[in-house]
Every structure is written in structure tokens, then in C-alpha cells.
Amino acid sequence: MNYITVLFHRFLRQKIGGPHHRGGRALFILTALLLLVPCMYVNADLYSGPTDLLQLETRHFLFIYPPESAEAAEYLAGLADGMYEWVADELNTDTWFTRFPVVITPDTDLLNGAFTVFPSQRIRLFQAPISPSTGFARYNDPLAKLFLHELTHAVSLTLRSPFFRAGRFLLGDVVAPAFFSAPPFFVEGVTVAAESADSFGRAHDTPYASVIQQDILENRMMSPMESNGIRGAYPSGAWYIYGGWFSRYLIETYGTDAYAEFWSLLGTGQLYQDGLFTRGAFSKAFGESIQNVWDDFRSWISIQAPVEFNSRVLDPRYQFIGAAASHPGGILYSTSDSVYHLEWENETVMEEDSPSPASFSTAPLFPSDNFTNRIAVHGNEILISTYRRDSEGQFHARIKSYDLDSGRPQPGPLFPGEKDTSLTEAVRDPRTGTILAIRPRGYSGDLVQVNTDGSIRVLLEGNPGLIPSMPVVLGDRVYFLLQQRGKNRIARFSQNGNIELMEPRVPLRGIRNISGDGSSLYFIYDNDFSLFKLGVFTPGAPLLVQEQSISGGVQHPVGVDGDRVAYIGNFSRGQRVMLHPARVKEPARVKEPAREPAEETTEETTEETTEETTEETTGETYREPGRQPEPWQSRPTLPSQSRQQGQLEEIDYSWAALDVLRDGGSSGSGSGQGTERSRGYGGIRVPMPGEQPSEFRPEPYAALPWILTPRLRYPLVTVNPRVLGGAEESALITGAGAGFSTEDPTAAYSLTANLQYLYDQPFLHADVQLGVRTLPVAFGLGFRDWRVYNPIINGEFRGDSRVLSASLSASQSISLYPLWRNISWQLQAEFVQQFDEDPDEEAGPYGWDAAGWRVPITAALGFSSVRDNPLDHRGSAGIRSRLSGVGLFSQAGDVPFTGYAGLKLEGETPWMYGRLRLFSAISLQQSTGVSPAGAIIPGVSTGSFNTDYVVHPGFSAEAETGGTVYSFGEIRIGQKYDIHRGILSLAYLQKLKIRGGHRISVQDNLLLEEGVINQSSFIAPSMEFVINGGALARTAWEVGAEFNYLYGGGGNPWYISLFLTPPGGF
């Protein structure tokens, strides 16, 4: 079978037919798509500055890439058409008119991908490696698997019935009903299942399976609604985790026909869940309700073997932990906000079997973020491997150095040229004082040695089939994790510089999270799709491995005080720092011959045996889920009376030289010089660089044709608002036209144009906006020629206005360390010429008299330092500040220049979910007022320039007057109560909130020669919920009421307002 067949032989086999529903529901969905367009169109940077791009065209794809990514683009070009035609044929979708742009960028050190239909369909691939030790997936080919993941998005989310195909022809790619009707756990579920069909992927690996299994162990398995990530932010990406394994379960249990039919129904605009009186797409395709199937899925994926519970907790708090390290007398671990230092009272504490948490003290050492992937301690130095974000938003690996005692950054650079070098997973070599690290390069990385003078020596040159990770120094040798086509192995450099691989007598699958303490190497592994277990390697001693799972599993193990191991346990509510029950130096071992690796077999399993599957590409043997017998049956275990908790068993091992030909990798020596990559891939021959066939001739990429082609098209009408207000005028609809929005696939240029012809008085509404993002600073250009329908005031109509304007804007956001800190600035200038109508004359808008010009200039500088707590849904702490000013040059009236400057400050604290908000604005000229609506100039309309704060209920009358100084303050506290309950299949209630506080506003009104002070107290109960429907399944809303009591006013002091808004923090 060719490569595509291998990937999908259990995924989709037959074409889908399925009913195509028309009528009212389809029209409603089409209307909803049009209403959602302005809300969902977002921009993004792909390249770190201007770059010359190439394009390479195949039958169904247009690859756009810089010269550095030529090899990756050419590699994918040999696979892409075959992959797409297979998927398209199995999903019964046409391909003859479809060509997907695929943009590849190497300007990042974090692998990612994206597919969107806004404003047109395109795939984006961020070229970077996945760490074999800490990465989210174990791929045998990162480049092909990332493309396959996004390609599956492109096919599944663009399935359309004939009605929606016609809508796409008229309006653009955005008419994609499955893009809106599929919930996140199915959107990502189909892709994760597809990427895993050849036994390498997230639905065929322990990291994702163990999350669900731990939830089941704690009786907190998520419901289908909760798996969309709405129960909380932990674990990150629950819709990938649950969705991928659930889709795999559906395919293997109900067959590919039913699964394909389900996606076909989503392509007609149906929602997946049942309504009150209707059946949803899921029930129609699989013949059962999703809740019944979910219950069976729980049994299917549950751990069947015994699991031990470890009560040795070093830090009882649940947190989000990304890395850990140890030093004599303490442990360091990184969370989403800080690196914490955990210490114990004395050296005898760790000699106790179950030390009390009271024996440990924990304190934050310095700020951090959840991008930290390694902590390494050498003497008094701490090396932090994390990421920085450049001005275009791309991530780059970096190393930071801190002092262990003070927690302060070490002065000066680590080595010359540090700021221009991307390095990750760094550790100090105690023998030489140099730094060993991984240098990201394409879809792989190089293992390098950084000398004190800044020179870099390549120890091992990686490629997509051979990826090194996490160097560790033990004695006089360097050990590291090496991934070969998806299989992780412990490796080392031999005495002559060649690479040797550890060959345990019992194969160990999924090795990750390796660390060292100078004498031993610690790692985790799993052979039976359950929870990760501990492994310990000490040179000259037997390999020690944990046989039985411990609740929470073992992550990031580190050796502490000689013979104990601390680790991170993953639980349903968060992660904890734990102490392993075993003693690794002198374990009480049970004498038993080591088991031989299981042999491959093609015989059917019986009820007395466990189903086994052998990975053809790696030779690993592991347990597969299955219907008969139950999945993950217990492996043969030792007699319970002979075991101790957390028992470690001996395994013999040997070292073997890296076999380049057998393993398909390259770089078979420490010199960094390796062989060429394999020239074929799964039966589809991939042309190597330099021997491309003629149809793959690269050409220069041009963005202009994309900008000039309307990609997203929509109708427009002009409404006379005076008619809506009850005025007796001729027509409500006074004009019609069309708009379009487009963006080149690289997101460097965007264009939006709205044109409407007014037929009551001949005039062309025009609004054109151009965005340019090829530089670190984002620029925007705008032109507008608009008729303004002015209101009737006190029964008098003074005529309408025509506003002709041109604008220029620039903005930039600069990330600091940690990444939850940033500085941003904005600058906007606009020239506005106004023309006023004379109601007594018949002239149209083009004949109205000029009323004067004005030039508003807006500037803002902001700083934000807000730490989000992933374990407290939408909980955060920190400050936000913004200094802004508006200046107005005007030809009208007696005031040629005016404006105001304002300062906004917000602070949030976890204590009682408190929030303090302050805003103050001061006029730049005493004869001009300042109010919540902006500057007040008699006879001149300034427009609404200030967006820094919102007028609250009870203060709305203040917009009628203005003072030279306006200040507003609010302080509030509150409490929240988690609900986590679904309402039938319609919505999910997340939490109940009760907030209360006090507001005050002050105006020093020199125009009226008096000051105004308003105060009010308020209490606001509210409910936060999520609608259970398609792509909106992760969009939270807050509904509630606010009761205000106004002080010092006449009449009824109570003011009540109802609100339905997206939740803004607590």
C-alpha cells in the first residue's frame, strides 16, 4: 500500500452519500455566516520582516515559501496531491475547482499549523521541531503529519451540500457550514485521528490517553460539552485530547461509513447534538445518542490494570507545571507565572518514607510563563529554556540565566551573540563549563555545544527522521534522547564520538522527560497506553523501571538527595509536586528473569490473551485498544505479597551503534556529517532537491493578484435611521451595494472595500481600508466618502452631512519576558473634510458646501502585566495601563486646536477577585470640555476618539456636559461558584458570579463654573454559560443584572440594568 493508504486504511473507506437538506434551515445558516463575518476575520504575521517568497504549484495546492523552506515545500509537493485526492474521494467532495494555498514559514521555533476560510481558504505551516522529550506529539514525520492534520481540516470543514456550494460560488469560501456547525472536539478529533492512523500520532500515544484515564480514575471524566474546554483551561487543549481519542473510538467501533456520514451531515449545516424535538447529526449517523456512546467510550478507554495511589505530596497546590529540576536541598519547578523554589528543613527529611508536607517550604523565585521547557541547575546558576516573541508575534527559543540565591537575572549575556542565537533545552556541561543545547532548525534540531567565546560546535546534525533532545552529562559522557521516525531512544556518544543507542531487553515505549543529576539519568515511559512510569539509568548498574501505574502518572522526574525521586503528577484538577515511593539506589527488587520482547503475530487473539499490535516502522510492541477482549488488559504482574509500592524492576540492556540504513535517519556520527535523507516515502517517491520534475518549477510569489481578487463578497444596503425613529420620509432603504474583503495568503496585505449607491440622491458611499504588515510596525491606510443621516433635534432638521476622510495608522506590540508582559503603542492621524446640506436647496451630496476640516490625531502607549491562571477559568492577576491623548486641529469655530490626554489603570488580584479601575482625562484647553464622549467643542463634531473606558449605568447623563478634568474610579470585589452543569443539550452553565463595589466620577467643569461629583454603589449577580452549538461551543456569555444606588440625586436613587455580554474577567 502507498503512504496514503497506510494512513487511512482504518479511517474512511467508502464515499458518503447522505441527505442534503434545503429550505429554511439552510437559509438561516447562510444568514448567520454573513453576520459572523465581521467578528471572525483576524490577521496574523507569518514572517519576521520582509522576505522574497517563491511559489510552487501542484494540481490542488499552491505552496508559498521563502528560499529557506524550499526543501520542505518540494518534499510536500510530492505528497500533497495524493493525500488530498484520497481524503477528498473518501469524503465524497469535489476537487476539480479547488486549489489550497499552503504557506510555510521558518521564522519560528514552535511548530504549529492553521487552516481558515477567512477571508479565503488557506493552510499555514509553521516550520519548527517537536521536542521528543516534552512535545505534544510523537510523529514519525513531523512535516508530513503537520500537513496531514491541516489538510484534514481543509477537507472536513469545507464539506458542502449543493445549496452551500452555490453559496460559496456567490459569496466565497466563508460559506462552509461544517466550519460553524462542528464543535471543537470534533473539529480537532477528526484531524488527530487521521494523523494517528499509522500508529504515530496523538490518538496513538500515552500523553493524551493518560489525561482521559486520570479523569476517569478520579470520577471527573469530562462530558462531550466539557471536552470543548469549557470546564476550565486545564488541561490545555481538552478538545484535542478527548476529541482525538473519541474519533478514533468511533471509527474503530462503528466503522468509517458511519463516521463519514456524520461529517456529511455537518456539511449540510446540521448541529451534532439532538434538539428538543429533532435528532442531530450524531444520532442520525451512529444510531445512538452521544451520551450513550460516550458512556461506552469511557469503558473502552479506562485502565483495566490495578493503579496505586501515592500520598507523598510535596506541594499540595494544584498548578500548571512545565519543567522541574533539583539541587542539593531543594527542587525548582516552573508554572504559568513563576519559577518556585521548594526546600526541606534538613537532610533527614528525605530519609522518611512519607515526609509531611509541613516539612517543606515553597516560595516564588522569579517570574516565568508556561513556555518554559527546561530548568537546569549548575552550582548557583539556573538556566531557563523558554521562548521570546518578536515584534511580528513569532516565537524564538532563548536561554535565560538566574542566580539561585537571589532569583535575579545574571548580568550580561551568557555568551557573545546570545540574542541572535536560538537555543533550547540547555544544560551546563560541568566538565568544560560550556552549554549543551538543541538548536532548532526546520522540522528538526541540532545538538550543539556553545563555547564561552560564542562559537558553536555541532555534535549531532538532526533531520525530520532523527531528532535529538535533552542532553544530559553523566560522568565523562553526554547522553540524550533521540527520536528516529517517531521512536524515542536513549542515546549517548561513544568514546570515539559515534552514537550508541540503549537496547533494553524489554523494549520501552514512549520514553520522555529525561533529566540527570550527574550520576543517574531519569526518564518516563509507558508500554500499555496507561499512565507514564518511572525509569532510572545509572552507568554500570541495571536499568530500573516501574511496572505498575501510580495515580497521576509520573512526569518530569528529578533525583533528590541521593536515592529519592521527585516528580510531577498530572491530576484532573491540575499538577502537583510528588515524591516517588521507590528508593532508586537500593530498591527491594524481586528476582525474576527479564521478559523477552513480544513477538509479532498475525493470529487472532482469544479471550485469554491480550491483543497486540507491532509497529512496522519501529518494531515496538504495545497494547492496543479493542472490543474483544477489553482494552488495556492487565499485563502479567508479580505476586502482590512480593511487591512494594512503586516497585522498580531490573532490566538488562546493551548499547548498539546507530544503524543509519535500518532506522532511516541520517547523521550517524558525532561529527554532524550524515547521509542523505531517504529518497522515498511509503511508496510515493519524493523528488529530492535538484531533481524536481518540470511541473514543480518554483516561481516568484506576487501578492498583488490576491489583493485585487474579491475573496469574501457580501451584499450591503443603506438604511435611513430617521425612518426607524419614526420620521415621515420616503423610504427606509435608500441605497444598495456590495463589499468585499481579501488578504493574501501570507497575511502581509489585506484590503476591505464597501461600495453602496444611494438612489434617493445620487451618491456613492465608499469605504476602503488597506492593511500592510510586511514590517515590524503594522500600517493601515483608509479612505472614506460617506453620507451621514443627521437626526431631527427638537423638531428641527438642519440637513445631512457628507464626510470625506483619509487616515493613516501604525501600531506595534512588543513582548517582554515572561510573555504575559508586553508594551504596545498606537498612532492614528485622520484628515476629515465635512460638507453640510442646505435643506432649502435641491443639490445632492456632491453639491453641498464645505463646512470646514479637522485633523484628529490619536496616540496611545500601553503596558500590561497580567498573569492568567489556567486552573481558575478566566482568573487573572496583574495590571493594565494605558496613556492616551487626542489632539484636534480644526478650521471650524474659534478654537483652532484642542484635545485631551487620559490615563487608564486597571489592577486585578486573586483575593476576592478584586479589581480596581481608574481613568482620568484632562483638557488641553480651558475653554474646551472633557466628558466620557470625548472633547466638547461648540459647533464642531469631534467624533468618538476615546475608547479607554465605558460610561456605566447611572452616569449616562454626564455625556451632556463636560469639564476640563474628568476622572472615574471603580473598585469591586466578589465571589464565584462553579456550577459545571448542562441544560439538556442546549447550553452549559459554568459559574455563578456575585460582584459588588463602588463607583465615583468627578468633573471640574470650568465651562459651567461648577464641579460635579457622582457616586454609586452596585451589586451584580450573573451567570456565565456556553451555548452548545458548533464552532460557538467555546464562546462564553454572561447574563445578569446590575443594581445601582445613586447618591445625592433627586427622585428614585435605584437604577437597574440587564446585560448579556462576553465575560470580561471576573
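List, please: which pairs have Cβ atoms under 7 Å, are six or more places apart or on different chains, and start with a residue in region 111-128 that is in a strand (DSSP E or B) and end with one that is among the polar types (S, T, N, Q)?
Close Cβ pairs (under 7 Å, with a partner that is among the polar types (S, T, N, Q)) amount to 122/116; 126/105; 126/108; 126/112.
Tell me which of these residue 254 doesn't satisfy, since it passes every other one: (1) in contact (Cβ under 8 Å) with a residue 60 or more places away in the chain; (2) surrounded by fewer than 24 Cβ atoms within 10 Å (Cβ to Cβ).
(1)
Which residues, counting only those in region 98-112, are surrounded by fewer than 21 Cβ atoms within 10 Å (Cβ to Cβ) and modelled with pLDDT of 95 or more?
Passing the criteria: only 101.
Do we find that residue 286 is more than 22 Å from residue 406 (Cα to Cα), at pLDDT 90 or above and among the aromatic types (Phe, Trp, Tyr) in this structure?
When the stated conditions are applied, residue 286 passes them.
Would you check if there is a residue in region 365-375 being over 27 Å from residue 813 (Cβ atoms), modelled with pLDDT under 90, assigned by TED's automatic domain parsing to the domain that holds residue 513 and surrounded by 16 or more Cβ atoms within 10 Å (Cβ to Cβ)?
Within region 365-375, not a single residue is over 27 Å from residue 813 (Cβ atoms), modelled with pLDDT under 90, assigned by TED's automatic domain parsing to the domain that holds residue 513 and surrounded by 16 or more Cβ atoms within 10 Å (Cβ to Cβ).
Among the strands (runs of 3 or more DSSP E) contained in region 793-897, which hold 2 or more residues that are within 25 Å of residue 774 (Cα to Cα) and at pLDDT below 90?
801-815, 849-869
Is it true that residue 362 is β-branched (Val, Ile, Thr) and part of a strand (DSSP E or B)?
yes
May I ask you to list the residues in region 122-136 that are among the hydrophobic types (A, V, I, L, M, F, W, C) and surrounded by fewer than 24 Cβ atoms within 10 Å (Cβ to Cβ)?
126, 130, 136
Regarding region 1001-1009, can at least one residue be identified that is modelled with pLDDT of 75 or more and either outside any strand (DSSP E or B) or of a type in the set (Lys, Arg) (or both)?
no
Would you check if there is a residue in region 140-160 being among the basic types (Lys, Arg), touching a residue at least 24 places away in the same chain (Cβ under 8 Å), closer than 30 Å to residue 523 by Cα and outside any loop (DSSP other than H, G, I, E, B)?
yes
Would you tally the residues in region 313-358 being of a type in the set (D, E, K, R), part of a strand (DSSP E or B) and without any contact (Cβ under 8 Å) to a residue 40 or more places away in the chain?
Summing the residues that are of a type in the set (D, E, K, R), part of a strand (DSSP E or B) and without any contact (Cβ under 8 Å) to a residue 40 or more places away in the chain in region 313-358 gives 1.
Does region 84-97 hold any residues that are outside any loop (DSSP other than H, G, I, E, B) and modelled with pLDDT under 80, and which are they?
86, 87, 88, 89, 90
Among the strands (runs of 3 or more DSSP E) contained in region 438-543, which hold 3 or more residues that are of a type in the set (A, V, I, L, M, F, W, C)?
Once the strands (runs of 3 or more DSSP E) in region 438-543 are filtered for at least 3 residues that are of a type in the set (A, V, I, L, M, F, W, C), what remains is 444-450, 456-460, 466-474, 477-484, 487-493, 499-504, 521-525, 533-537.
Tally the residues that are within 29 Å of the chain's Cα centre (by Cα) and surrounded by 15 or more Cβ atoms within 10 Å (Cβ to Cβ), restricting the search to region 304-317.
Result for region 304-317: 1.
Given the conditions (1) surrounded by 11 or more Cβ atoms within 10 Å (Cβ to Cβ); (2) under 15 Å from residue 55 (Cα atoms); (3) at pLDDT below 90, report the number of the one that residue 722 does not fulfil.
It fails just one condition, (2).
For region 340-363, give me each residue that is under 21 Å from residue 909 (Cβ atoms) and buried (at least 20 other Cβ atoms within 10 Å of the Cβ).
The one that is under 21 Å from residue 909 (Cβ atoms) and buried (at least 20 other Cβ atoms within 10 Å of the Cβ): 340.
So which residues in region 163-175 are surrounded by fewer than 22 Cβ atoms within 10 Å (Cβ to Cβ) and either within 21 Å of the chain's Cα centre (by Cα) or small (Gly, Ala, Ser) (or both)?
The one that is surrounded by fewer than 22 Cβ atoms within 10 Å (Cβ to Cβ) and either within 21 Å of the chain's Cα centre (by Cα) or small (Gly, Ala, Ser) (or both): 166.
If you take the residues in region 404-430 that are in a strand (DSSP E or B) and farther than 25 Å from residue 107 by Cα, which one is modelled with the highest pLDDT?
Restricting to residues being in a strand (DSSP E or B) and farther than 25 Å from residue 107 by Cα, the top hit is 428.
Which of the following residues is buried (at least 16 other Cβ atoms within 10 Å of the Cβ), of a type in the set (S, T, N, Q) and part of a strand (DSSP E or B): 391, 401?
Matching residue, one of 391, 401: 401.
Can residue 1044 be described as surrounded by 16 or more Cβ atoms within 10 Å (Cβ to Cβ), of a type outside the set (Lys, Arg) and either touching a Ser or Thr at 6+ places or on another chain (Cβ under 6 Å) or at pLDDT below 85 (or both)?
Judged against the criteria, residue 1044 is a match.
Among the residues of region 544-556, write down those that are under 17 Å from residue 321 (Cα atoms) and outside any loop (DSSP other than H, G, I, E, B).
555, 556
Does any residue of region 816-832 turn out to be more than 30 Å from residue 334 (Cα to Cα), surrounded by 18 or more Cβ atoms within 10 Å (Cβ to Cβ) and over 34 Å from the mean Cα position of the chain (by Cα)?
Yes, region 816-832 contains at least one residue that is more than 30 Å from residue 334 (Cα to Cα), surrounded by 18 or more Cβ atoms within 10 Å (Cβ to Cβ) and over 34 Å from the mean Cα position of the chain (by Cα).
The values are calculated or read from the model by the stated rules, or taken from the named source; none is laboratory data. In this text the structure is predicted, and so the values were computed from the model without any measurement. As a convention, Cβ positions derive from the backbone with ideal geometry for all residues, glycine included, and neighbour counts pool all protein chains shown.
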